[in-house]
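Asks: First, the structure itself, so that you have it in front of you.
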Amino acid sequence: MIRINGEEAQVLGMTITEYLEMKGYRADVVAVELNGEIISRDSFDAVRFVDGDSAEVVRFVGGG
Amino acid sequence: MITENEMWEMLSMRHTPDVCRRLREARVAVAGLGGLGSQVAIMLARCGVGMLHLIDCDVVETSNLNRQAYRTCHLGKRKVDALAEELLTIQPYCRVLLTHVRMDEGNAVDILRDDMLIIEAFDDAAAKAMLVNTVLTQTKDKVVIAASGMVGHGDSNAIRTERVNRRLYVCGDRASDLADGLALMAPRVMICAGHQANLAVRLILGEE
């Protein structure tokens with residue numbers, strides 16, 4: 001099972017880039033935490049979700 | 001004029017000596033001195049945080065007056081200078097380090113090399129993500145308190161503090177977006193700034 005933002009996600013084998021595209025998230029406004037570590041944006045095309053992963057995608061919105 | 005001894009004595013009486021000492025020994029960086037950053041910096045100075053590193057590239061404009069900690073006499077001044085002036089009228093014994101520069105992926109780590117606790121207080125979503133990603137992937141132990149979602153005059157209680165991991169916390173409602181056409185207003189921006197400042201105090205005091 002893979003959990004993203006606390007919910008089970010059917011993303012086995014998918015890259016982070018593919019996941020962001022599926023959700024309609026712009027890569028330049030997110031931070032992706034995977035199993036406790038923030039993943040470098042340079043790695044979004046290479047890192048694939050595997051069974052047991054727990055991720056949080058933080059999508060930043062404007063305002064401050 | 002209050003003397004330095006009187007100021008720290010007052011804070012020690014108010015906060016207890018141990019809490020006062022730990023806040024006085026702390027250093028916090030504030031990246032972006034708009035509605036969030038200007039208010040966070042003033043709150044931390046009032047708490048007796050000993051050193052603030054203030055980072056911003058803008059000057060004070062009329063459109064800032066609806067929510068940022070500046071006054072009409074500051075119009076046209078660099079925000080780093082205007083905020084330092086304002087802070088030091090409240091707490092003359094807070095040490096301020098001023099960096100007037102636009103942060104990007106190339107300079108952020110160097111600018112923040114001596115800072116361990118960083119308040120992300122930019123208004124642009126991509127700038128927020130840039131700072132969080134750069135600091136957390138290029139350094140090993142710095143902690144970032146970011147903000148996302150405080151636009152408009154929606155529910156106050158939708159603004160919350162969440163821990164993503166041991167190095168990243170996000171304050172805000174995580175949804176209300178400047179891009180949706182809502183305006184930034186002082187109350188909700190200050191609620192979010194209060195979340196960031198209180199979390200900074202809690203982290204300094206080892207309570208998170």
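No lab work stands behind these numbers, since they all come straight from the coordinates. Just so it is clear, the structure is predicted and the values come from calculations on it, not from any experiment. For neighbour counting, all protein chains shown are included, and Cβ atoms are generated from backbone atoms with ideal geometry for every residue, glycine included.
Asks: Look through segment B:1-53, keep the residues that are surrounded by fewer than 18 Cβ atoms within 10 Å (Cβ to Cβ) and hydroxyl-bearing (Ser, Thr, Tyr), and return whichever of them is farthest from B:Arg102 (Cα to Cα).
Replies: B:Thr16
Asks: Right, something else. Name the pairs: first residue in segment B:145-161 and within 13 Å of chain A (Cβ to nearest Cβ) and within 10 Å of B:Ala175 (Cβ to Cβ), second residue buried (at least 18 other Cβ atoms within 10 Å of the Cβ) and of a type in the set (Phe, Trp, Tyr), Cβ to Cβ under 9 Å, at least 6 apart or on different chains?
Replies: From segment B:145-161, the pairs are B:Ser148/A:Phe60; B:Gly149/A:Phe60.
Asks: How do the helices (runs of 4 or more DSSP H) wholly within segment B:1-101 filter down when requiring 3 or more residues that are in contact with an Asp or Glu (Cβ under 9 Å, 6 or more places away or on another chain): which remain?
Replies: Numbers: elements: B:4-15, B:17-24, B:35-47, B:79-90.
Here the list reads B:35-47, B:79-90.
Asks: Which members of segment A:7-44 meet the condition of being assigned to a loop (DSSP other than H, G, I, E, B), more than 14 Å from chain B (Cβ to nearest Cβ) and in contact with a strand residue (DSSP E or B) (Cβ under 6 Å, 6 or more places away or on another chain)?
Replies: First, the residues of segment A:7-44 that are assigned to a loop (DSSP other than H, G, I, E, B): A:9-14, A:24-26, A:35-36, A:39-40, A:44.
Then keep just the ones that are more than 14 Å from chain B (Cβ to nearest Cβ); that gives A:9-14.
Residue satisfying the conditions is A:Gly13 alone.
Asks: Can I ask one more? Any idea how many residues of segment B:162-198 are facing chain A (nearest Cβ under 9 Å), among the polar types (S, T, N, Q) and either more than 15 Å from B:Arg67 (Cβ to Cβ) or surrounded by fewer than 18 Cβ atoms within 10 Å (Cβ to Cβ) (or both)?
Replies: 1
Asks: Let me ask something additional. Give the residue that is nearest to the other protein chains (Cβ to nearest Cβ), with candidates limited to residues of segment B:102-120 that are assigned to a loop (DSSP other than H, G, I, E, B) and touching a residue at least 60 places away in the same chain (Cβ under 8 Å). Lay out the reasoning, then the answer.
Replies: To start, the set of residues in segment B:102-120 that are assigned to a loop (DSSP other than H, G, I, E, B) comprises B:102-107, B:112-116.
Next, only the ones that are touching a residue at least 60 places away in the same chain (Cβ under 8 Å) stay: B:103, B:112, B:114-116.
Details: B:Met103: 13, B:Leu112: 15, B:Asp114: 21, B:Asp115: 17, B:Met116: 17 Å.
Per the criteria, the residue is B:Met103.
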